[in-house]
Amino acid sequence: MDQPLSQAALNRLFHEARTHSAWLDQPVTDETLREAYDLMKMGPTSMNCSPARIVFLRTKEAKERLKPFLMASNADKTMAAPVTAIIAYDLKFYERLSQLFPHYAGAREIFANHSELAQITAMRNGTLQGGYFILAARALGLDCGPMSGFDNAKVDAEFFAGESLKSNFLCNLGYGDPSKLFPRNPRLAFEEACKLL
Ligand SMILES: Cc1cc2nc3c(=O)[nH]c(=O)nc-3n(C[C@H](O)[C@H](O)[C@H](O)COP(=O)(O)O)c2cc1C
């Protein structure tokens, strides 16, 4: 645990990983999607509440259901991606706390009658898990194209009618074509974004 990852691993996860919009003709197997989830699920969430839920759209038919609700500039790359993940969260995540946090009998009641707390907890931890998912996918050699440019309410009506799930963001998955990348934008330096107190 006390050794940093190799430079090659850091490059894969961070320095050389890019947001992709163009995809090589290389499929993504269901097995790889399962592996990505099995890595993602190990990332920490508050009270181990694990609110993220993912729907993987792998077929043209499934993607066509999503297409009308995408921002125009996100449509072509999404239709071309081997897989598009709807990263969602379950507002009723607390119904699983007896399984996920069994040593604390009162865990469910903290959220069950407090919808605002449940909402913010689901969104915060579901978003964290979405970030873990991107890193998990990259660790397995996949490339990601996350997107928030879509109509969440309409996607929820299409895919989650009658359920307690809410879409958070979408993530195209595949093997990216590096020749189609734009130059990378800069990031804030440590001094610009951090304080040492
Ligand atoms: C939550 C999230 C939402 C995003 N939404 C969109 C989007 O709707 N359309 C798009 O073209 N790019 C979108 N992006 C891509 C970002 O602009 C991109 O990840 C960022 O500029 C960093 O690019 P890089 O990874 O190549 O350095 C989104 C990224 C994230 C993480």
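The values are calculated or read from the model by the stated rules, or taken from the named source; none is laboratory data. On a predicted model such as this, the values are computed, not experimentally measured, just so you know. Here the Cβ positions follow ideal geometry from the backbone for every residue, glycine too, while neighbour counts run over all protein chains shown. What goes into the accessible areas is simple: the full protein's heavy atoms, side chains included, and nothing from ligands, DNA or RNA. Shrake-Rupley method; radii C 1.70, N 1.55, O 1.52, S 1.80 Å.
DSSP finds beta bridges in the chain, and of those with both partners inside it, around 95 percent are antiparallel. If you look at the Cα atoms of the chain, you get an Rg and a Dmax of 18.1, 54 Å.
When the charge dipole of the chain is built from unit charges on Cβ atoms (+1 for Lys and Arg, -1 for Asp and Glu) and taken about the Cα centre, the candidate among His20, Asn125, Val55 whose Cα reaches farthest toward its positive end is His20. Using the 1.4 Å probe convention, the accessible area of the stretch 1-109 works out to 61 Å² per residue with neighbouring protein chains retained. Relative to the current alpha-carbon distance between Ala8 and Cys194, full extension at 0.36 nm per residue lengthens the span by 64.4 nm. Both numbers refer to the Cα atoms of the stretch 83-197; Rg and Dmax are 17.9, 54 Å.
Share of carbon and sulfur in the accessible area of the stretch 4-157 stands at 56%, probe radius 1.4 Å. Calculate for the chain the 222 nm mean residue ellipticity that helices alone would give, adding -39,500 (n - 2.57) per DSSP H run of length 4 or more and normalising by residue count, nearest 500 deg cm²/dmol. Taking each H run of at least 4 residues, the total per residue is -11000 deg cm²/dmol.
The GluC sites (Glu not before Pro) of the stretch 136-197 meeting both criteria, a DSSP state outside H, G, I, E and B (loop) and at most 15 other C-beta atoms within 10 angstrom of the site's C-beta, are Glu163. Averaging 1/r across all pairs of distinct Cα atoms in the stretch 117-160 and inverting the result yields a Kirkwood radius of 12.2 Å. Only one residue of Asn152, Leu165, Leu197 has its Cα farthest out toward the positive end of the dipole of the stretch 120-197, where Lys and Arg carry +1 and Asp and Glu -1 on Cβ, and that residue is Leu197. Think of the stretch 33-180 as a dipole: +1 on every Lys or Arg Cβ, -1 on every Asp or Glu Cβ, centred on the Cα centre; then among Pro178, Ser46, Phe101, Pro178 lies furthest on the positive end. Restricting the chymotrypsin sites (Phe, Trp or Tyr not before Pro) of the stretch 50-148 to loop positions (DSSP other than H, G, I, E, B) with no more than 14 neighbouring Cβ atoms within 10 Å leaves Tyr104.
Taking the Cα centre of the stretch 149-197 as reference, the dipole from Cβ charges on Lys and Arg (+1) and Asp and Glu (-1) amounts to some 220 debye. Accessible surface area normalised per residue over the stretch 143-197 is 65 Å², counting heavy atoms of protein chains with a 1.4 Å rolling probe.
For the chain, a Gaussian network of Cα nodes joined below 10 Å ranks Glu61, Glu95, Glu35 by mean-square fluctuation, and the top entry is Glu61.
A simple charge model with +1 on the Cβ of Lys and Arg, -1 on the Cβ of Asp and Glu and nothing else charged puts the dipole of the chain at about 160 debye relative to its Cα centre. A full extension of the chain between Ala112 and Ser98 corresponds to an added length of 3.8 nm, given 0.36 nm per residue minus the alpha carbon distance. Measuring against 25 Å, Cα to Cα, the residue pairs Lys41/Lys92; Lys63/Lys180; Lys41/Lys77; Lys63/Lys166 contain Lys41/Lys77 as the ones spanning a longer distance.
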